[in-house]
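In what follows, a structure is listed as structure tokens, so that the remarks can point back to it.
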Amino acid sequence: MSRETSEPLGNESPNARFSISPQSGTAPFTATLDASASNDPDGSIQSYTWVFGGDRGKRNGKQITERFTKDGAPKTISVGLNIVDDDGARGFQRGYIDVYKPQNEPPEARASYSVR
């Protein structure tokens with residue numbers, strides 16, 4: 001006697017994918033981080049958590065903006081995206097943002113005078 005069994009398929013991990021625009025810039029500038037390309041082959045993504053290197057902390061959301069200032073520039077900042085699907089599986093991707101120091105600009109001289 002033959003017996004067929006079907007085992008439930010396991011939960012597939014979600015795929016973390018994101019873009020950064022712009023990926024580099026001269027401080028100060030604002031970058032948009034977009035995780036819209038992330039997907040879950042067998043469900044839906046429930047949370048998006050962005051983790052920034054350099055003690056910048058964490059942010060939540062599918063799409064965020066982050067401002068980068070001249071403090072400490074030039075530097076490369078790592079960005080990690082953690083996603084969690086509706087069954088608790090996790091996905092991760094890492095990227096980098098290059099922050100360049102602004103060039104030293106000469107001071108602007110202004111003068112005024114009057115003739116009496």
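The values are calculated or read from the model by the stated rules, or taken from the named source; none is laboratory data. Worth saying up front: this structure is predicted, and the values here are computed from it rather than measured. A quick note on method: Cβ atoms are made from the backbone with ideal geometry, for glycine too, and the neighbour counts reach across all protein chains shown. Only protein heavy atoms, including side chains, enter the accessible area calculation; ligands, DNA and RNA are left aside. Shrake-Rupley method; radii C 1.70, N 1.55, O 1.52, S 1.80 Å.
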Sites Gln63 and Glu108, calculated FRET efficiency, Cβ-Cβ separation with R0 30 Å, nearest 0.05: 0.20
Low-density loop positions, trypsin sites (Lys or Arg not before Pro), segment 5-59 - DSSP coil, at most 16 other Cβ in 10 Å: Arg17, Arg56
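Rounded to the nearest 0.05, what FRET efficiency is calculated for Arg56 and Tyr100 with R0 set to 22 Å and r the Cβ-Cβ distance?
Taking R0 as 22 Å, the efficiency between Arg56 and Tyr100 is 0.85.
Over segment 18-116, with every protein chain in place, what whole percent of the accessible area is carbon and sulfur at 1.4 Å, could you tell me?
Values: 2910 of 6630 Å².
C and S fraction of accessible area: 44 percent.
Work out the FRET efficiency for Gln23 and Phe92 from their Cβ-Cβ distance, taking R0 = 25 Å, and round it to the nearest 0.05. Mind dumping the intermediate values first?
Numbers: r = 19 Å, r/R0 = 0.75.
Efficiency for this residue pair is about 0.85.
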For segment 1-104: relative contact order, % (alpha-carbon pairs under 8 angstrom, 6 or more apart): 33
Segment 43-114 - percent relative contact order, Cα under 8 Å, separation 6 or more: 32
Whole-number accessible area per residue in Å² for the chain, which is evaluated in the context of all protein chains at 1.4 Å: 73
